[in-house]
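Comments concern the structure below.
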Amino acid sequence: MIAIDPGCAKRGKGSACAAFRGSRLAGIRFARPCAIHVAQIAELGAEYLDRVIVERPQVDARTQGRERAVVDLAWAGAAIAYWIAGVAGARVEELTPTAWKGNARKPQHHARLWAVLTPAERALLGGDATLRTIETAKRAGAAERWRRGGGAAYYPAGFETHNLLDAVALGCFALGRLP
């Protein structure tokens, strides 16, 4: 299975992809629709691929005024998901953020994810340094009562690992590892 957290920022790395073999995280990478190659899919473990889980962005109160960004995210995620599924012969499942993580704030959700990961899976995501960043973001958000929202605002600029954490969390949810 591959789980995809869409990303399309011009200065970003693209969509975050997490590959699972069975129920375990096997690899992570960023991908863009126009630049993903069959070799990259094989690198993520296409031989084990039976489904692709992709976050389908939703329009709600949090996205008002940013509808164009939601369309761009949806397009990027869908393009990669359906391309991978077509190459591998897998099925695609779409989940909205509300369906898979509810209203959980990103650092809080990432801390819950960290608790269910194996040491090897944590190492793929940066190990102790990533955990320290998650904990620092949680403390900062709580201290401000999350006035900047619950997204990536509490992570340091350039900490794109939060997107990979989202992809892994999406995959773990789809596998029943994360409530």
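Points to keep in mind about this one:
- Residue, modelled with the lowest pLDDT, within segment 143-161, restricted to residues that are assigned to a helix (DSSP H, G or I) and aliphatic (A, V, I, L, M): 152
- Annotation: residue 78 fulfils all but one of (1) crowded, with 17+ Cβ neighbours inside 10 Å; (2) outside any helix (DSSP H, G or I); (3) modelled with pLDDT of 90 or more; (4) not aromatic (Phe, Trp, Tyr); the unmet one is (2).
A quick yes/no check of all residues on (1) within 18 Å of residue 162 (Cβ to Cβ); (2) among the aliphatic types (A, V, I, L, M); (3) loosely packed, with under 15 Cβ neighbours inside 10 Å; (4) at pLDDT 95 or above:
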| site | (1), (2), (3), (4) |
| --- | --- |
| 9 | yes, yes, yes, no |
| 35 | no, yes, yes, no |
| 74 | no, yes, no, no |
| 109 | yes, no, no, yes |
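- The single condition among (1) more than 21 Å from residue 24 (Cβ to Cβ); (2) in a helix (DSSP H, G or I); (3) aliphatic (A, V, I, L, M); (4) in contact (Cβ under 8 Å) with a residue 24 or more places away in the chain that residue 164 does not meet is (1).
- Among the candidates 91, 132, 112, residue that is of a type outside the set (A, V, I, L, M, F, W, C) and under 20 Å from residue 52 (Cβ atoms): 91
- Flag set for residue 149, criterion: surrounded by fewer than 19 Cβ atoms within 10 Å (Cβ to Cβ), over 23 Å from residue 2 (Cα atoms) and in contact with a Lys or Arg (Cβ under 8 Å, 6 or more places away or on another chain).
- Selection count, segment 91-128, where residues are in contact with a helix residue (DSSP H, G or I) (Cβ under 9 Å, 6 or more places away or on another chain), among the hydrophobic types (A, V, I, L, M, F, W, C) and over 15 Å from residue 172 (Cα atoms): 2
- Residue match in segment 134-142 (condition: in a loop (DSSP other than H, G, I, E, B) and either of a type in the set (Lys, Arg) or in contact (Cβ under 8 Å) with a residue 12 or more places away in the chain (or both)): no
The values are calculated or read from the model by the stated rules, or taken from the named source; none is laboratory data. Please read these numbers as outputs of a predicted model, since none were measured by experiment. Note that each Cβ is placed from the backbone with ideal geometry, even for glycine, and that neighbours are counted across all protein chains shown.
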